[in-house]
1. At 0.36 nm per residue, and after removing the present C-alpha to C-alpha distance, how many nm does the segment from B:Glu16 to B:Met299 gain when stretched out fully?
2. Kindly express, to the nearest 10 degrees and within the range 0 to 90, the angle between helix D:192-209's C-alpha long axis and the longest C-alpha principal axis of chain D.
3. Take the Cα radius of gyration of chain A and divide it by 2.2 N^0.38 Å, with N its residue count; two decimals is plenty.
4. Semi-axes of chain D's equivalent ellipsoid from the Cα gyration tensor, sqrt of 5 times each eigenvalue, largest first, rounded to whole Å?
5. Ignoring ligands, DNA and RNA, please state the percent of accessible area on the range A:102-333 from carbon and sulfur, probe 1.4 Å.
6. Tell me: how much accessible area in total is hidden between D and C, 1.4 Å probe, Å², nearest 100?
7. Could you work out, residue by residue across A:159-168, how many beta carbons of other chains sit within 10 Å of that residue's beta carbon, and then give the average as an integer?
8. Pick from C:Gly178, C:Gly96, C:Gly229 the residue whose mean-square fluctuation is largest in a GNM of chain C, springs joining Cα atoms under 10 Å.
Amino acid sequence: MRNFILRYLLPRLGQYLVVIFLGVTITYIIPRLSPSDPVERQVAEIMVSGAHFGPEAIAHMRDALTDMYGLRGSPIEQYLAFWARMFQGDLGPSLSRFPTPVISLIARALPWTLGLLITAVMISWVIGNILGAYASYYEKSGIMKVIDVASQAVRPIPYYIVAVIFLIVFAYFFPIFPAGGAYPVGRRIEMSIWAVQTILRHSALPALSLVTVGMGAWFIGMKSLTSNIISEDYVVYAEVTGLPQRKILYGYIMPNALLPQVTGLALNLGMIFSGALILEVVFVYPGMGMLTYQAVLANDYSLIMGIAIFSIVGVATAVLILDLIYPLFDPRVRHQ
Amino acid sequence: MPLLSVKNLHAYYRTEAYGISRTVRAVDDVSFELQKNEIYGIAGESSCGKTTLIKVISGSIKPPLRIEGGTMTYTFDGRDVDIASVAPEVMRREIRWKEISYVMQGSMSILNPVRRVRRIFRHVVDTHQGIDDKRKFEALCRDHLKKLGLPPDILQAYPHQLSGGMKQRIAIALATIFRPSLIIADEPTTALDVVVQRGVLQLLKDIQAESSNTVLLVTHDMAVHANVADRVAIMYAGTIVEEGPTEVIFGAPQHPYTQHLIASLPVIGDKGTRSALPGAPPNLASPPSGCRFHPRCPMAKEICRRVVPSMIQLDTLHRAACHLVGEREEA
Amino acid sequence: MLKVIRDLLRYDGRFRVAFIFLLATFIMSAISYVSPQDPGRTFQVPLDRSPSLQYPFGTNSRGQDVFWWMTFAVRNSLYLGLITAAVSRVIAIFVGLTAGYRGGYVDRILMSVNDSFVVMPVLPLLILLSFLFRGRMGLTGLGVLMGLFGWPWDARLIRSQVLSLKERSFTRTAQYCGAKDFHITIFEHLPFVLPIVFATTINNMIWSIGMEVTLGVLGLSNVTLPTIGTTIYWANAHQAMVAGIWWWLMAPVVVSVVMFLGLYLLSQSVNEYIDPRTRLRRIGA
Amino acid sequence: MSTDARLLELDSISKVFHIGGALTGEKLTAVNNVGFQLRSDKPEVFTLAGESGSGKTTVARLILRDFPVTEGKILYEGSDTTRIRGRRGTMRFMSEVQPVFQNPFDTFNPLRRLVEYLIETALNFGIASNRKQAEPVVDDALKLVGLSFDEVNLRYPHELSGGQIQRVSVARALIPRPKLIIADEPVSMVDASLRMAIVNVFKRLRDEENVSVLYITHDLATAYYISDRIAIMLRGQIVETGTVDNVLGDPKHPYTRILKESVPQPIPEVKGAWAKSIALSTMEVREYGRIGCKFAGRCPNVMDKCRKIEPPDVTTAGRVVKCHLYEPESE
């Protein structure tokens, strides 16, 4: 156990901290690369974008911006102050919806993204892996060949392109699903069967896009992993002992092939997250991606920065959690 | 009544990549019989077809390997079984492990790395005997392991916690748990240290002596055959060139290949010069004409280049495939 | 080279598809040079015409022929992909080879930075950057910027390959032949690393083109420049789906599917062909 | 022997490996206080024998400067090899000491022609100044191992047998005209009928070419056949060393005895030799960490002090044994 902590747990935690350190540092440095005074430019851009604020509010905003960019004191003091605010979970106020704190805007959008992302990732990971293992193990099956070709075809296509295709087909030519949003405009959401149904109906297309592409990727990954594992001695051995194929698939191939797929999930989480963000824009889905889009449209720099930092920390934490549950599947890590 | 009778077996690999097709004649016209209650050794160098031969006679053929001719008949309890035409499901349920079990080459990695050893036993026992009662299963395993002199707590271990020799003995324990008619051991000790090799071979011999079944031992190590096998067949380039009782093969080999093979083995306590065969084993994708050994044979004649030698019975149990032996017999 | 293409065309179905798709893509980007239409100008053709013989991809609400607009979009996207791939290749190969061949602390430091970049979501950072430099960054600038973010995954792959090659006896043989490190890298290791470099180059192009689309959709790239992303941006801005001008969105979709699929299948088939194992099979091992 | 009469001297070297991270890993003493010398006045074949995990390969890699020693010194012709700096020093060392590796199929890049390596060696070490001059040099080296330039020219590794490649590997090592060849398990992956060709080359190098060979192997039979002196390793330590006739003819250390006894001899008549059963360890790696004698856990003659005190090196009957059994009883 001591070894497990020292040789597995601590390095992973260390890496987590490095990721967060780098991410936050980069977001700290980036605005400083800008040649003009970011505060004045932001204020000017907000004014140009047509918002009306009183002089007091503008002074306040300048103050907040100076704070947010951490422009008080020497660069080292600025940097430390930046971290201090991070630890308090303070991402500053939003500029376009001043003075609403960025964190509360994120808190409103996050559940939508999380709900969509977790469901879609879980479905695509599980189905993709099962199908991938099947396709490789029962090579001759005709349906599997079709799935294989289909997966190869969607594998390189970005999420939002698939999303646009679905949008055109299922919302325009065959209007089965609503074209956007997560619920009809203008209605408050309350807990009711109707609300759940509506949300599900609205989330179906974005989820389907995520699942389609994700499934293709996991399918192809699993298929090649499985075809390698099939020639491993322990699988060949299980075959000559006369074990039924089902048992070999579920007891021998899957558990071993899934290990790299868990690691793969951890490594791809950042990419999947980015894909989901842009998908939301296509479907006008009120999550983090839509929030980002609105922030860009409204020139709300503090909101964008908040989202960037939050995403980095969030994804890094999710990866850490995945890494921490990994030993549950792999006895070689558990029992050194 | 032999346990297995193989007649004129041909098994080739046919592959194609980017328009280049190749046929590897890994097993070419092989005939032999396995008797009940014996240890039969197959000796041969790398890529002489011995591993392919095992795949074929254990009924585990997968493309690109195909049987191109010949018959293989087993006799289990007086019932004849043609292994090449058994339905896969029957093969799996009734023949694998119950009649034919297998100790694989590279047994170091035959155990599923993410499961405890118990689970692997459980799978095998479940498949072939279906013992529902956990205690009965436990008792069966512990009994069996104890008989083989293995500590029963290895059931609790994960494969990566065990040494190579221990894994190999677990493989033997697994192969013998149902007392099958035939145990095929393919290079069972190749990667092991000699002290461990000795322990493993001893175990294999003891089990054979106790259950009077047949062991087919395949290894390139002639010294192992000398110590373990009752009869030995020498394979060269996809064919059997000589077969006989171990003492005869080592004492009075007839085929030039066998003669050279045995003469080249170093012995502790004898510093006499040993020489190696010239040349290299042929590529089975384009084997030499006539006798496949002729390009390396110091005694090759014109006829060896043209005509494939047939197997000549020298004694009730001793036979060799060589034109020179034939001439000697006729003279 | 010609023989390779002939072999692949004859024996690999994936390559045939890739060949046709990429040929179409290249022709498309090539004919942008003879375009009768200036992509910078609007209201040159009737608005919102559906696809016809005269306007194969229809026309949009800004008065542009979508087909000619798309020829520029393909050209720009390919250009961007190549820039990014080139920049990130240089970094990935350098970091991968150095970390792998040198090992020790160099390796540990490089890899901990590298792994952090691998798990970090690049999109939010790119959004942040392009937001700040909006309007001041051309296609080349964007390509270089993405190149600076697109190397870690590939560096890791190259490193792990070099690590295993370093342990092979033939590397040690070459050392005892008196060969210099550079010679070993070029003659002993490169043939084994090549498939990875090739596959990752194409994957990287796919990635960067996709990222540009993302930024374009958000309106963060230069929206006056025709790219696949800005096409979707303008279609969204004019609410093309609501107005029923589906071809405006369909054009970038079709073009990108053809391009992405072509690139992906090319990497798959060529990769198998230059894989040392396949090559060994071809020379008869 | 005076210091200058030594070609190679290992002065009680140790190598500790850290497994795992820099702060947290475990230590494994793979080589533990090992010392021996090769004489320079007369070439010899010195065998370092031991089973897998005995540390013999680590010794080879330490001599070849693949990694530094943790303790002790390796002296080549009297000078410390850790002091060698820069490309010029390295080249000078490599022109004197050359390796032959275990796996012939991995010794050369499968995608390159074999002869390239030989020509490059000739060019890099200044034996020839251009390709044309290099060809006869290469041909001479290949003739020494029983091959020729024409046989090898244009060939890829897969077109030759393991035995042939291994001889090409020796030929390559000979091109800089070294005084010492470090051969790490050179025949363990070569077919039996081809082994002796390689082993005989080493003999010939010693007898005719004035080249010393450090022969590292687990195969006692070939070791007996070619070497003058032998050292038996167990878990990082040398447990017995002396002339090969003394050590293998009449082993004194209990481990050497069991080892010799376990080597299968290619003589069927001695089949009964393995009647005694032997203790095998399940977790072999643990033996590294043992205080006292590393063999105490398996030794048939184990005494109390074997588990507590590391045995001294005792000189007896023409060899040095690391065993309490042979301690002078003066204490």
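1. Numbers: separation 283, 0.36 × 283 = 101.88 nm, distance 3.74 nm.
Result for the pair: 98.1 nm of gain on full extension.
2. 80 degrees
3. Working: Rg = 24.1 Å, N = 336, 2.2 N^0.38 = 20.1 Å.
Output field value: 1.20.
4. Working: eigenvalues 261, 108, 72 Å².
Equivalent ellipsoid semi-axes, largest first: 36, 23, 19 Å.
5. On the way: 6560 of 9220 Å².
Taking all protein chains in place, the range A:102-333 shows 71 percent carbon and sulfur surface.
6. Numbers: alone 17000 and 15070 Å², together 29760 Å².
What D and C bury together is about 2300 Å².
7. Values: counts 2, 8, 12, 2, 1, 11, 5, 0, 4, 7.
For this peptide, the per-residue mean of nearby foreign Cβ atoms is 5.
8. Its mean-square fluctuation being the largest, the pick is C:Gly178.
The values are calculated or read from the model by the stated rules, or taken from the named source; none is laboratory data. Owing to the predicted nature of the structure, the values given are computational and were not obtained by experimental measurement. Because the Cβ atoms are built from the backbone with ideal geometry, glycine has one as well, and the counts that use them run over all protein chains shown. Heavy atoms of the whole protein, side chains included, go into the accessibility calculation; ligands, DNA and RNA do not. Shrake-Rupley method; radii C 1.70, N 1.55, O 1.52, S 1.80 Å.
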